[in-house]
1. Express in nm, to one decimal, how much length is gained between residue 23 and residue 42 on full extension, taking 0.36 nm for each residue of separation and deducting their alpha carbon distance.
2. In nm, to one decimal, how far is the modelled label at residue 6 from the one at residue 63, with both set 7 Å along Cα→Cβ?
């Protein structure tokens, strides 16, 4: 909607990371499509043709990567740039 209402919006976005679609795994709706792209075909088309640099993370990734509590603990104990703070910014 923002891209349609303000064409310069796409120029202002440095990059976009999207989780959706499927490559080797079957999508959760039909082959190669996840529900996010099946239910939002026109908006997805607009975004993918907007010129914004896009990193697409397909459904396949969720079949290969598993984030366990131990991983989260390790991230929380790490130092920048990987540290995720639970404190609110001042």
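1. Details: separation 19, 0.36 × 19 = 6.84 nm, distance 2.01 nm.
My answer for the length gained is 4.8 nm.
2. Label-label distance for residue 6 and residue 63, simple model: 4.0 nm.
All of the numbers you see were taken from the coordinates with simple rules; none came from a lab. All of these numbers come straight from a predicted model, not from anything done at the bench. Counting neighbours? That spans all protein chains shown, and the Cβs are built from the backbone with ideal geometry, glycine included.
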